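Visitor: A single structure is presented below for examination.
The values are calculated or read from the model by the stated rules, or taken from the named source; none is laboratory data. This structure is a prediction, so every number in the text was calculated from the model and none was measured. No Cβ is skipped: glycine too gets one built from the backbone with ideal geometry, and neighbour counts run over all protein chains shown.
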Amino acid sequence: MSTSKQEQTEKSCEADCHSSASGERMSHHSADFKNGLNTRLNRIEGQIRGIKGMIERDTYCDDVLNQLAAVQAALNGVGKMLLEGHMKSCIVERIEAGEHEVIDELLITVNKLMK
């Protein structure tokens, strides 16, 4: 992970995770971390619009598939950033609070990301 990505992840972990008044679990990421995620997601959104245009223009299938692979890799990158922040903050906090069932929740999430 590059230094800036690592710094963003570390900054995101400075805030704690907690439950709202309604019991909904929430996390607090730094503005820098959220901006980084949004920048990546905006880029991915643009790539998807580009792929839609390629399909409309009857672009060669292999070229479209290569762009799809790039989008999938970019989404995986966003997932890795979020997972790292989640593990370094929310998971640690919940384990320290004695909520060991969070490990099963994490395993389910990791399995979903690995599909």
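Visitor: Out of the residues in the stretch 62-92 that are among the acidic types (Asp, Glu) and exposed (fewer than 15 other Cβ atoms within 10 Å of the Cβ), which is nearest to Phe33 (Cα to Cα)?
Guide: Among those residues, the one meeting the criterion is Asp63.
Visitor: Further question: Could you check, for the stretch 5-28, whether at least one of its residues is at pLDDT 90 or above, surrounded by 12 or more Cβ atoms within 10 Å (Cβ to Cβ) and either assigned to a helix (DSSP H, G or I) or out of contact with any Phe, Trp or Tyr (no Cβ under 6 Å at 6 or more places or on another chain) (or both)?
Guide: No, that holds for no residue.
Visitor: Could you look through the stretch 29-54, keep only residues that are under 19 Å from Cys90 (Cβ atoms) and small (Gly, Ala, Ser), and pick out the one that is modelled with the highest pLDDT?
Guide: Here the residue is Gly36.
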